[in-house]
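The values are calculated or read from the model by the stated rules, or taken from the named source; none is laboratory data. Computed from a prediction, not measured in an experiment: that's the story for all the values here. Cβ placement follows ideal geometry from the backbone for every residue including glycine, while neighbour counts extend to all protein chains displayed. All accessible areas refer to the heavy atoms of the entire protein, side chains included, with ligands and DNA or RNA removed. Shrake-Rupley method; radii C 1.70, N 1.55, O 1.52, S 1.80 Å.
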Amino acid sequence: MTSTAKAAPKAVPLDQVDIAGGLWQDRQLVNREKTIPAIYDQLQKTGRLDAWRMDPNRERPKKRTVITMFFDSDTAKWLEAVGYSLQTHPDSALEKQTDDLIDWIEKAQQADGYLNTYFGNLEPENKWRNVRDYHEMYNAGHLIEGAVAYHQATGKRPILDTLTRFADHIEANFGPREGQKRGYPGHPELELALVKLYRDGGDEKYLKLAQYFVNERGQQPHYFDLESIAREEDPTDFWAQTYKYCQAHKPVREQTEATGHSVRACYLYAGIADVALETGDAELVAVSRRLWNDLTSHQLYITGGLGPAHSNEGFTFAYDLPNETAYAETCAAIALAFWAQRMFHLDPHGRYIDVMERALYNNVLSGVSYEGDHFFYANPLTSYPYVNPFEHFSGITSNKHYRREEWFFCPCCPPNVARIVASIGSYFYSTTADRVYVHLYNQNTASLNLGGTTVTLAQQTHYPWEDTIRLTVGVAQPTAFELALRIPGWCHNYTLAVNDTQVSIIPETGYVVIARQWTDGDSVTLTLAMPVERMVPHPDIRHDAGQIALQRGPIVYCLEEVDNGARLANVALPQDAALETRFDASLFGGVSVIHAEGVRIESMAWTGDIYLPHSAVNYQRSPAPITAIPYFLWANRAPGEMRVWIREA
Ligand SMILES: [Zn+2]
């Protein structure tokens, strides 16, 4: 499968990027020290580790009701997070702990390569009988991703060999050949995992299988119908009612809108982009762009969240972006970041990275507590004490405020946050033979391979709290290449200096490209002006009408009750109020907060009536100093209300 895209930029691997300070170093430290161990403890407590040790010949586990068909994916994402963490921070105790687990995973594999704790042990009669719902392929994808990450970290082959055998098993059973099932994953994820396996030195057949899954999806006769009939079920009784739920309502090439379950959607779209990138399939590139444009221009929260509805954990319709009931699953924002990076490689433009950055710094980071051991599944943009729309899902039984939880019945989000935080360095740069794209800014040193020449690039910055980034180039001898620095979409004013001499370069596709012969020690200083912006919603987002959101650089802010009192809906920001940024070193290790003179508009003389004529109510406007903190840090202090969108007065 030759590619027109051979010259496409590629991500700089994780182990080439040493994050040595700033926000992402802090988050990675917490991830290593708190999140990864906390998830392991939960995997153990909830029987997920024991599930690998079941012996179906000896025991039918008594706790069948507490074992679910997505168990394996939780372990798999933990394994993947460990694989990434070990690539940058070797840890022999963690490696030993993981090797022990891997030993059990290998032993759980069946002779024909099949690997699944639930169907392998509890319902062997149902293996591959319902790929629409049963998550076998989803689990397989996550296990493959985990195996590739762990192999890359340690060079150890056993887990990769195990998952390669499983991939071979799937490849033998599914596909267009005589006697094969023409199925594809009901919950996409395996597609992108197979491309990873292919890129990790695997056989081209894994890429072809990913391509098959993409092309077969939604074709008639519909495999999910055929499979239902084979189970003697009526296909129209599908519990989710429509194949839009799993993006199988029509062939991928005919799809025009982001639809259905948002995590499934973005994993699929990432897989489509991967197949397009590897095969140079222009039609799939066009499909990817079309779906991207639909999602990001109609169905995206300002926090980078997506999928507003609880009912389908997914999309509804254009501009339907409620705040209080926003589902905006942590996994969906993570999946969007995966897709965004792939879109950039397909179509090198900063607009994709703008969305990736929005998701990472807001909806993704809000998914984990500052201390690293509590998690959000849903990430609403408004929170009030009286309603918790997610209660039955996340099992929250505590006070009346929505808070992060230690774990969930379906704990897809916690290990997903762990893996993206551990691998964040791999989102910083992309290279071609003669160009370095710098996507994200944070203190780090990267070692880059440009057409066989090693170039180091060191970033010194306090981004996202400060606006200046200083990059220093390290080369063994003078080397010509292009340094492409992203000018974020939110930035309307920047300055650029090379060796302290100001230069004027107009951005191309979101990047300023500095082409020169670089000498060791050359420096570039980029200043991205980041005034506080009052962001306004599209006029069709009815939920936000008359309100603004505060954003500074990539960070979206929110008001919390602990700083601003209760009834935040009654707090308004006058249009002429000055917005002052202060760095608060005492808050969450040091963050920029925003202060303003707001106003509270309310009547304290309300009686028991629910509605009254205006004339009967003595509305008061009283001064209300406002403090806004980064959205991703909300719900880390005293429980209370929260709002991203604030009334304008
Ligand atoms: Zn999730």
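Data for the structure
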{"item": "Largest to smallest accessible area among Arg165, Arg358, Arg600 [probe 1.4 Å]", "result": "Arg165, Arg358, Arg600"}
{"item": "Cα centroid of region 226-305 to Cα centroid of region 332-370, whole Å", "result": "18"}
{"item": "Cα point-scatterer Debye curve for region 231-285, base-10 log of I(q)/I(0) at q = 0.21, 0.29 Å⁻¹", "result": "-0.81, -1.16"}
{"item": "Sum of -39500 (n - 2.57) over DSSP H runs of 4+, divided by residues of the chain (222 nm, nearest 500)", "result": "-10000 deg cm²/dmol"}
{"item": "Average Cα contact separation per residue, region 242-355, under 8 Å, 6 or more apart, as relative contact order %", "result": "28"}
{"item": "Solvent-accessible area, 1.4 Å probe, carbon plus sulfur percent, for region 330-383", "result": "46"}
{"item": "Neighbourhood charge, 13 Å Cβ-Cβ cut-off, centred on Pro478 and excluding it, Lys, Arg +1 and Asp, Glu -1", "result": "-1"}
{"item": "Long-range Cα-Cα pairs in the chain (distance over 45 Å), rounded percent", "result": "19"}
{"item": "Ordering of 479-488, 187-196 by burial proxy (mean other Cβ atoms within 10 Å per residue, highest first)", "result": "187-196, 479-488"}
{"item": "Surface per residue (accessible, 1.4 Å probe) for the chain, Å²", "result": "38"}
{"item": "Normalised per residue, the volume of the convex hull around the Cα set of region 117-197 (Å³)", "result": "90"}
{"item": "Net charge, Glu560 excluded, C-beta distance under 11 Å - Lys, Arg +1, Asp, Glu -1", "result": "-1"}
{"item": "Relative frequency of Cα-Cα separations exceeding 21 Å in region 213-350, percent", "result": "43"}
{"item": "P(r) of region 89-238 over all Cα-Cα pairs, binned every 10 Å from zero, in whole percent", "result": "11, 39, 33, 13, 4, 0"}
{"item": "All-pairs Cα distance distribution in region 471-564, expressed in whole percent, bin size 5 Å", "result": "3, 11, 17, 16, 14, 10, 9, 7, 7, 4, 3, 0"}
{"item": "Percentage relative contact order, region 476-577, counting C-alpha pairs under 8 Å, at least six apart", "result": "24"}
{"item": "Solvent-accessible area, 1.4 Å probe, carbon plus sulfur percent, for region 190-295", "result": "47"}
{"item": "Region 415-455: mean projected area of Cα convex hull, nm²", "result": "3.3"}
{"item": "Convex hull of Cα atoms in region 71-166, direction-averaged projection (nm²)", "result": "5.7"}
{"item": "Approximate spin-label separation Asn449-Ala605, in nm, with each point projected 7 Å along Cα-to-Cβ", "result": "7.6"}
{"item": "Difference of contour (0.36 nm per residue) and Cα-Cα distance, Ala111 to Val536", "result": "147.1 nm"}
{"item": "Neighbourhood net charge (14 Å Cβ-Cβ; Lys/Arg +1, Asp/Glu -1) for Gln247", "result": "0"}
{"item": "Label-point gap, in nm, between Cys410 and Val617 - each point 7 angstrom along Cα→Cβ", "result": "3.9"}
{"item": "Relative contact order (percent, whole number), the chain, Cα cutoff 8 Å, 6+ residue spacing", "result": "13"}
